[in-house]
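> If you scroll down you'll find the structure; I have some questions about it.
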Amino acid sequence: MPHRPYVIDQMISAKSIAARVETLAREITTHFLGCDKLVVVGLLRGSFVFIADLVREIDLPVEVDFLEASSYGDAMHSSREVRILKDLRGEIAGRDVLVVEDIVDTGFTLHHVVNLLRSREPARLEVCALLDKPSRREVPIKATWTGFDIPDEFVVGYGIDFAQRNRNLPYIGKVRFTE
């Protein structure tokens, strides 16, 4: 499907992201200190770069699992219908769980996922999101840790895509249409 031409304006540099990931990892390590093994659940696909960098900085035994949920498809706006496309492989009952999300926008996807995972009775369940757009929130949900609050802009990079493009950018950029 052809797209309108666009450019990407850098919003958050790769260096700023790396520094913030280190800080988040220290805070998460402190919070979960003493846990046997932290189950880190990445929400695919947008979180894969963030989760890879984050788990390398967490100073705890970790197990990584993935869940894929979608409310966007190829659109720029949430459909508000959350679908689970890939579920966890492992059990989380009685375990410490950290959900890692790329961006919290309307909150529909994260709210759905958190409720689903809480129903599986983890010992503790916390959320870390790289980006938060509080101005877009339609569902009352907040991450325990947030990398950056951003304005209501459509962003790409560092794993976040626009119709499966631009995930490989090392920074977070704002999409600006040129026509």
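The values are calculated or read from the model by the stated rules, or taken from the named source; none is laboratory data. Computed from a prediction, not measured in an experiment: that's the story for all the values here. Cβ: placed from backbone, ideal geometry, glycine included. Neighbour counts: every protein chain shown.
> Being crowded, with 18+ Cβ neighbours inside 10 Å, at pLDDT 95 or above and not aliphatic (A, V, I, L, M), is that true of even one residue in the stretch 86-96?
Yes, the stretch 86-96 contains at least one residue that is crowded, with 18+ Cβ neighbours inside 10 Å, at pLDDT 95 or above and not aliphatic (A, V, I, L, M).
> Out of all the residues in the stretch 133-178, which are surrounded by 14 or more Cβ atoms within 10 Å (Cβ to Cβ), among the polar types (S, T, N, Q) and under 11 Å from I8 (Cα atoms)?
N166 - this is the single residue of the stretch 133-178 that is surrounded by 14 or more Cβ atoms within 10 Å (Cβ to Cβ), among the polar types (S, T, N, Q) and under 11 Å from I8 (Cα atoms).
> Restricting the stretch 24-73 to residues that are in contact with a helix residue (DSSP H, G or I) (Cβ under 9 Å, 6 or more places away or on another chain) and basic (K, R), which is surrounded by the fewest Cβ atoms within 10 Å (Cβ to Cβ)?
My answer is R56.
> Ok, one more. Could you list, ordered by first residue, the pairs with Cβ atoms under 6 Å in which the first is in the stretch 38-64 and under 19 Å from D96 (Cα atoms) and the second is among the aromatic types (F, W, Y) and in a strand (DSSP E or B), at least 6 apart or interchain?
G42/F66
> Please specify each residue of the stretch 123-147 satisfying the condition of being touching a Ser or Thr at 6+ places or on another chain (Cβ under 8 Å) and not β-branched (V, I, T).
Hits for the stretch 123-147 are E126, C128, A129, L130, L131, D132, R136, R137, E138.
> Would you tally the residues in the stretch 22-50 being among the aliphatic types (A, V, I, L, M), in a helix (DSSP H, G or I) and either in contact with a Lys or Arg (Cβ under 6 Å, 6 or more places away or on another chain) or under 30 Å from F177 (Cβ atoms) (or both)?
1
> So which residues in the stretch 38-75 are modelled with pLDDT of 95 or more and of a type in the set (K, R), if there are any at all?
R56
> List every residue pair whose Cβ atoms sit under 6 Å apart, with the two residues 6 or more apart in sequence or on different chains, where the first one lies in the stretch 126-138 and is in contact (Cβ under 8 Å) with a residue 12 or more places away in the chain and the second, anywhere, is in a helix (DSSP H, G or I) and not aliphatic (A, V, I, L, M).
L130/F50
> Now a separate question. Kindly provide the set of residues from the stretch 136-166 that are of a type outside the set (V, I, T) and either in contact with a Phe, Trp or Tyr (Cβ under 8 Å, 6 or more places away or on another chain) or part of a strand (DSSP E or B) (or both), ordered by number.
Across the stretch 136-166, the qualifying residues are E138, W145, G147, F148, D149, F154, G157, Y158, G159, F162, R165.
> Return only the number of the condition from (1) touching a strand residue (DSSP E or B) at 6+ places or on another chain (Cβ under 8 Å); (2) under 28 Å from G173 (Cβ atoms) that P61 does not satisfy.
The failed condition is (2).
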